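> Below is one structure. I have some questions about it.
Just so it is clear, none of the values below were taken in a lab; they were calculated from the coordinates. Remember, predicted model here, so these are calculated numbers, not experimental data. Heads up, the Cβs are rebuilt from the backbone with ideal geometry, glycines too, and the neighbour counts pull from every protein chain shown.
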């Protein structure tokens, strides 16, 4: 089963890769690595925003991480044509727009990490950083970036 088929089986679909909203590119290829810029949990009219956990609870923040990951997978697909060409997810960096006393950043970013493994199996297992920040662009709850081997 291809990753795209697995996403469909899970009731998920990839959006179109959105153009960057700043002075950067979505993806830089260096050798066999793709460095995927940070992506936000915004697809169409769906946007996950607010501080975790006061304005965005843990479960919703995990969904936001999954949504942000889908936008990054869309960038990968736009770059290489088919997700089955991914050899390995090397690393994932997750940023959580968190209240100062919030410490469950890893649980939030598990939303993205778990989806990678669910869709890609062992090649979806990756190194990771999960950190809290005082704010994120457009007031979103989560941002995700990736390094991918192709």
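> Order of 57, 101 from fewest to most other C-beta atoms within 10 Å?
Ascending number of Cβ neighbours within 10 Å: 101, 57.
> Sticking with this structure for a sec: Considering only DSSP beta bridges where both residues belong to the chain, give the percentage that are antiparallel (nearest 5).
Restricted to the chain, the bridges split so that about 70 percent are antiparallel.
> Still on this structure, please answer the following. Going by how many other beta carbons lie within 10 Å of each one, how would you line up 42, 144, fewest first?
With the fewest neighbours first, 42, 144 line up as 42, 144.
> Take every Cα pair under 8 Å in the chain that's 6+ residues apart, average their separations, divide by the length, and report that relative contact order as a whole percent.
Reported as a whole number, the value is 34 percent.
> Which whole-angstrom value gives the distance between the alpha carbon centres of segment 1-25 and segment 80-129?
14
> Set the Förster radius R0 to 22 Å, insert the Cβ-Cβ distance between residue 30 and residue 114 as r into 1/(1 + (r/R0)^6), and round the FRET efficiency to 0.05.
0.20
> Could you work out the percent of alpha carbon pairs in segment 3-83 separated by over 23 Å, rounded to a whole number?
27
> Once both axes come from the Cα atoms, what is the angle between helix 105-120 and the longest principal axis of the chain, in degrees from 0 to 90, rounded to 10?
Long axis of 105-120 versus the principal axis of the chain: about 20 degrees.
> Still on this model: So how tilted is helix 58-80 from the main axis of the chain? Cα-based, degrees 0 to 90, rounded to 10.
Taking the Cα atoms of the chain, the angle to 58-80 is about 30 degrees.
> Helix-only estimate, please: 222 nm mean residue ellipticity of the chain, summing -39500 (n - 2.57) across DSSP H runs of length 4 or more and dividing by its residues, to the nearest 500.
Helix contribution divided over all residues of the chain: -10000 deg cm²/dmol.
> How many percent of the alpha carbon pairs in the chain exceed a separation of 28 Å?
13
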